[in-house]
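Only the coordinates and a few stated rules stand behind these numbers; no lab work does. Everything numeric in this text was worked out from a predicted model, so none of it was measured. No Cβ is skipped: glycine too gets one built from the backbone with ideal geometry, and neighbour counts run over all protein chains shown.
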Ligand code: NDP
C-alpha cells in the first residue's frame, strides 16, 4: 500500500437540509473531518463555514440544478449523498387531509428518491458512492398522530434496500439512519409532561445530540462501512429495539 492509499481522500458530500438541525451537524462534522461538503438550503443561504446551494427537494428541476451547482463547486460528482431534508405535519388519522399526507411523503420520501436518482448518475459512472437516508425510529416503531411521517420514514428502508440490490455491484451502498429523539428546536418545544414521558421510554434515559447522529453518518460514509448496505442503523438509545 502506498502512502497515498493510506490517507483517506476527502469525500465529495452533499447534505440536503444542511442549513440547520441534524443536517447542519452532519455537514459540520464531515467538513471538520476534512471532507468537501456542500449543503442544500431552501433559501440558498450558507450556514457559517459551509458552502450552500439552493434546493427544494419537492421539485425535480431544483434537485437537478442543485446537484449541477454542487458538482461545479466540488469539481467532481457527489460521492456521498446524505438525504436529510424532512418535515412533519402531525395530526390524528381521522383529521389528516390528503395535503398533509401527500406533502410529507413528497418531501421525506419522494425528495430522497429524487436526490438518490440524481446522485446515482455520477456514482454509477464513478463506480463508487454512498447514499445515506435519514429516517426516524418512528418509521418502524409507529407513532400516533404521525401516520404521514412514519409512512414516509418506513418507506426509506425499501428505497435503500432496492438501491442496494440495483447498484450494490457498482460499489454503491445505501443505508438508513434511524434517529430517536434528538435535541433540536423541535424537541426543545415539547411540553414538559410529554418530554418526561418520552424520556421514560428511552432505555438510555436521555435524548441524543445531533452530533451523535453525525458520527454514525460519518462512519457510513467512510472506508470501514464499505460492506454495509441496506442496513437500518438506529441512533435512538434503545427506544426502537426489536423493530
Ligand atoms: P429541522 O426541522 O431542524 O430541519 C429540517 C431541514 O429540512 C431544514 O434544513 C429544512 O430547510 C429542510 N427541508 C424541509 N423541507 C424541505 C424541502 N422541501 N426541500 C429542501 N429542504 C427541506 O429538522 P431536524 O434537523 O430535526 O431533522 C432532520 C432530519 O432528521 C429529518 O429528516 C427528520 O425527519 C429526521 N429526524 C429528526 C429527529 C429529531 O428528533 N429532530 C428524530 C428522527 C429523525 P429549511 O431551513 O428551508 O426549512
Report, in deg cm²/dmol and to the nearest 500, the calculated mean residue ellipticity at 222 nm for the chain, where each DSSP H run with n ≥ 4 adds -39500 (n - 2.57) and the sum is divided by the residue count. -13000 deg cm²/dmol
Site residue 126, offset 7 angstrom along Cα→Cβ, radius 12 Å on amide nitrogen, limited to region 25-67, gives 36-38
What are the radius of gyration and Dmax of region 9-234, computed over its Cα atoms and given in Å? 16.8, 52
So which residue, out of 26, 228, 172, gets the largest mean-square fluctuation from a GNM of the chain using Cα contacts under 10 Å as springs? 228
Per-residue Cβ neighbour rank within 10 angstrom, fewest leading, 115, 55: 115, 55
What is the list of residues in region 203-234 whose amide nitrogen lies under 12 Å from a point 7 angstrom out from the Cα of residue 241, following Cα to Cβ? 203-205
Mind checking the full-extension length gain between residue 33 and residue 65? Use 0.36 nm per residue of separation minus the Cα-Cα distance, one decimal, nm. 8.8 nm
Starting from the Cα of residue 188, step 7 Å along the direction of its Cβ; do the same at residue 219; then give the gap between the two resulting points in nm. 2.7 nm
Helix 111-126: angle to the longest alpha-carbon principal axis of the chain, degrees 0 to 90, nearest 10? 20 degrees
Test of understanding: what is the full-extension gain from residue 54 to residue 76, defined as 0.36 nm times their sequence separation minus their Cα-Cα distance? 6.1 nm
Express the C-alpha Rg of region 123-213 as a ratio against the empirical globular expectation 2.2 N^0.38 Å, rounded to two decimals. 1.33
How high is the FRET efficiency between residue 201 and residue 99 when r is their beta carbon distance and R₀ equals 35 Å, given to the nearest 0.05? 0.70
